[in-house]
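See structure below.
The values are calculated or read from the model by the stated rules, or taken from the named source; none is laboratory data. Owing to the predicted nature of the structure, the values given are computational and were not obtained by experimental measurement. Note: ideal-geometry Cβ built from the backbone for every residue, glycine included; neighbour counts use all protein chains shown.
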């Protein structure tokens with residue numbers, strides 16, 4: 001890869017630092033897609049040990065690249081994203097990935113197909129952690145940043161993705177307890 005090509009790739013990825021998600025941080029500012037992807041990757045790093053049969057390197061790569069399409073379309077919360085939005089993001093991302101050097105193009109396209117199919121252990125772990133990380137971030141943010149539907153959504157979001165694994169199911173239950181505690185603190189602030 002030529003240095004200029006690498007810089008062009010990094011310039012596209014930099015957009016994710018300025019693409020904000022629906023989530024807020026604990027300090028009261030919008031979370032960027034890059035911040036979500038970084039912490040998701042760290043999350044996967046620590047969870048890998050629970051799945052010795054999984055390819056940890058592949059899982060980490062999935063987490064790193066999973067939201068690159070949002071560099072072209074912005075972030076649309078899952079509860080607002082339409083099929084048309086998904087198709088636009090996929091098309092624009094695929095066009096960009098196909099412009100990359102062959103080594104990366106082939107690997108990234110294969111990873112995206114695998115993540116979309118959600119049949120491999122790595123893809124299942126990735127998706128469960130991706131959903132959980134969003135709820136964890138909501139739990140860390142001030143409750144005033146939640147919209148009404150999130151009081152119910154954050155109790156259940158991603159539980160179906162974690163259901164394949166006893167470890168991830170237990171982890172999702174712990175996240176749910178944090179959500180319940182967060183809501184209870186708002187309803188009964190003196191407790």
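Touching a strand residue (DSSP E or B) at 6+ places or on another chain (Cβ under 8 Å), surrounded by 13 or more Cβ atoms within 10 Å (Cβ to Cβ), on the phi < 0 side of the Ramachandran plot and not in a helix (DSSP H, G or I) - does that describe any residue in region 72-80?
The answer is yes; a qualifying residue exists.
Looking at (1) closer than 21 Å to residue 137 by Cβ; (2) touching a helix residue (DSSP H, G or I) at 6+ places or on another chain (Cβ under 7 Å); (3) exposed (fewer than 14 other Cβ atoms within 10 Å of the Cβ), which one does residue 29 not meet, given that it meets all the others?
For residue 29, the exception is condition (2).
Of the residues 60, 76, only one is modelled with pLDDT under 95 and either touching a helix residue (DSSP H, G or I) at 6+ places or on another chain (Cβ under 9 Å) or over 15 Å from residue 130 (Cβ atoms) (or both); which?
Numbers: 60 fails: modelled with pLDDT under 95.
Sole residue among the options that is modelled with pLDDT under 95 and either touching a helix residue (DSSP H, G or I) at 6+ places or on another chain (Cβ under 9 Å) or over 15 Å from residue 130 (Cβ atoms) (or both): 76.
Checking residue 169 against (1) in a helix (DSSP H, G or I); (2) without any contact (Cβ under 8 Å) to a residue 24 or more places away in the chain; (3) out of contact with any helix residue (DSSP H, G or I) (no Cβ under 7 Å at 6 or more places or on another chain), which test does it fail?
The number of the failed condition is (3).
Could you say which residue among 123, 110, 54, 71 is under 28 Å from residue 5 (Cα atoms), at pLDDT 95 or above and touching a helix residue (DSSP H, G or I) at 6+ places or on another chain (Cβ under 6 Å)? Don't jump to the end; show me each part of the working.
On the way: 123 fails: under 28 Å from residue 5 (Cα atoms); 110 fails: touching a helix residue (DSSP H, G or I) at 6+ places or on another chain (Cβ under 6 Å); 54 fails: under 28 Å from residue 5 (Cα atoms).
The unique qualifying residue is 71.
Report yes if some residue within region 149-157 is touching a strand residue (DSSP E or B) at 6+ places or on another chain (Cβ under 8 Å) and either more than 21 Å from residue 47 (Cα to Cα) or surrounded by 21 or more Cβ atoms within 10 Å (Cβ to Cβ) (or both); otherwise report no. Break it down stepwise before answering.
Of all residues in region 149-157, those touching a strand residue (DSSP E or B) at 6+ places or on another chain (Cβ under 8 Å) come to none.
No; the residues of region 149-157 include none that is touching a strand residue (DSSP E or B) at 6+ places or on another chain (Cβ under 8 Å) and either more than 21 Å from residue 47 (Cα to Cα) or surrounded by 21 or more Cβ atoms within 10 Å (Cβ to Cβ) (or both).
Based on this model, can you work out whether residue 121 counts as over 15 Å from the mean Cα position of the chain (by Cα), buried (at least 21 other Cβ atoms within 10 Å of the Cβ) and in contact (Cβ under 8 Å) with a residue 24 or more places away in the chain?
Numbers: over 15 Å from the mean Cα position of the chain (by Cα): yes; buried (at least 21 other Cβ atoms within 10 Å of the Cβ): no; in contact (Cβ under 8 Å) with a residue 24 or more places away in the chain: yes.
The answer is no for residue 121.
Condition check: more than 25 Å from residue 149 (Cα to Cα) and buried (at least 20 other Cβ atoms within 10 Å of the Cβ). Does residue 6 satisfy that? Don't jump to the end; show me each part of the working.
Values: more than 25 Å from residue 149 (Cα to Cα): yes; buried (at least 20 other Cβ atoms within 10 Å of the Cβ): no.
Criteria not met by residue 6.
Would you check if there is a residue in region 6-20 being out of contact with any strand residue (DSSP E or B) (no Cβ under 6 Å at 6 or more places or on another chain), in contact (Cβ under 8 Å) with a residue 60 or more places away in the chain and closer than 22 Å to residue 139 by Cα?
no
If you go through region 175-190 one residue at a time, do you hit one that is part of a helix (DSSP H, G or I) and in contact (Cβ under 8 Å) with a residue 60 or more places away in the chain?
Residues of region 175-190 part of a helix (DSSP H, G or I): 175-187.
Those still in the list that are in contact (Cβ under 8 Å) with a residue 60 or more places away in the chain too: none.
No, because not a single residue in region 175-190 is part of a helix (DSSP H, G or I) and in contact (Cβ under 8 Å) with a residue 60 or more places away in the chain.
Might you check whether a residue that is more than 26 Å from residue 148 (Cα to Cα) and part of a helix (DSSP H, G or I) occurs anywhere in region 25-33?
We begin by selecting, within region 25-33, every residue more than 26 Å from residue 148 (Cα to Cα); these are none.
No, region 25-33 has no match at all.
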